[in-house]
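Participant: Structure below; questions to follow.
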Amino acid sequence: LGRATLVGQMLNIVLPFRLGEVARVYTATGHSSVGVARLTASLAIEKALDLAIFGVTAAVLVTSALLPRSSLAEGRWLILPATTAVALAVMLLVVRWGLLPRIAAWVTARGGRVGAWLAHVVTDVSNGLDAWRSAGHAGLVLAWTIVIFVLAAAGNQLMLQAFDLHLPISAGFAILVVLQAGSVPPSLPGRLGIYNYLTVLTLGLYGVGRTEAATYSIALYIVPYVPKVVLGALVAADPSWRPSMSWTPNA
């Protein structure tokens with residue numbers, strides 16, 4: 001899973017449209033007996049939680065006037081996190097009410113090879129959503145999501161300290177939120193240019209000059225991106241680790 005994540009992050013950086021997530025599922029499936037549907041469902045929960053916490057943080061920054069609404073496309077940024085919150089609620093209800101196992105049993109009862117395959121896929125999706133099976137498990141997943149998000153913002157803040165920019169803690173979160181919002185539309189490979197522009201724009205809100213902010217943006221670009229690209233490329237280039245071309249159908 002660690003190697004699959006590195007390959008996925010590397011491809012997300014160098015390719016548009018988040019194609020790294022497809023590669024992540026493919027490589028993880030090629031090295032395990034877990035089916036594609038289950039891995040995809042688990043990945044959907046991960047991305048939904050990421051978007052949800054991004055939306056909450058953005059709302060706090062905007063409502064507290066720490067980040068202008070105009071820097072996030074005049075409020076349209078809220079549509080995706082709000083939709084995500086609804087999707088998470090639906091997934092929670094589907095799991096807690098046991099709807100997918102009932103659907104799988106109903107399809108299986110109809111018989112036939114197609115019915116058996118469809119029931120298997122539904123069961124796989126149900127297993128992939130098991131983060132919501134208990135309050136304890138769901139709370140643990142949510143806690144780790146928050147920890148990872150805070151660590152990402154802390155990295156921005158520590159970089160500010162390294163450049164002797166003594167800005168409030170909100171600056172690290174603001175940079176993270178604006179960069180996430182700016183990465184939604186397709187851009188040049190590696191988000192080259194847009195990443196630096198958004199960083200300079202955000203730091204300008206805190207009174208940082210363009211030259212100093214541009215230098216910071218270059219360092220902030222290199223520190224998280226270069227290790228992911230290098231490590232992901234090393235993993236992908238290792239012939240002993242490359243997954244087979246056939247996707248595992250069984251759970």
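The values are calculated or read from the model by the stated rules, or taken from the named source; none is laboratory data. This is a predicted model, so every value here is computed, not measured. As a convention, Cβ positions derive from the backbone with ideal geometry for all residues, glycine included, and neighbour counts pool all protein chains shown. These area figures cover heavy atoms from the full protein model, side chains too; ligands, DNA and RNA do not enter into them. Shrake-Rupley method; radii C 1.70, N 1.55, O 1.52, S 1.80 Å.
Participant: Just name the residue that is nearest to the chain's Cα centre (by Cα) out of those in segment 137-179 that are over 16 Å from ALA58 (Cβ atoms) and among the polar types (S, T, N, Q).
Facilitator: Here the answer is GLN157.
Participant: Now for a different question. Is there a residue in segment 96-108 that is outside any helix (DSSP H, G or I), on the phi > 0 side of the Ramachandran plot and among the small types (Gly, Ala, Ser)?
Facilitator: yes
Participant: When residues of segment 16-26 are filtered for being within 22 Å of TYR195 (Cβ to Cβ) and open to solvent by less than 70 Å² (accessible area, probe 1.4 Å), how many remain?
Facilitator: Summing the residues that are within 22 Å of TYR195 (Cβ to Cβ) and open to solvent by less than 70 Å² (accessible area, probe 1.4 Å) in segment 16-26 gives 5.
Participant: Can I ask one more? Limited to segment 19-66, what total is found for residues that are outside any helix (DSSP H, G or I) and touching a Pro at 6+ places or on another chain (Cβ under 9 Å)?
Facilitator: Looking only at that region, the number is 3.
Participant: Restricting the first residue to segment 134-161 and requiring it to be farther than 24 Å from SER42 by Cα, which pairs with a second residue that is part of a helix (DSSP H, G or I) and open to solvent by 70 Å² or more (accessible area, probe 1.4 Å) meet a Cβ separation below 7 Å and a spacing of at least six or different chains?
Facilitator: MET159/VAL223
Participant: Give segment 214-242 a look and list any residue that's charged (D, E, K, R) and exposed (fewer than 15 other Cβ atoms within 10 Å of the Cβ), or say none.
Facilitator: Passing the criteria: ASP238, ARG242.
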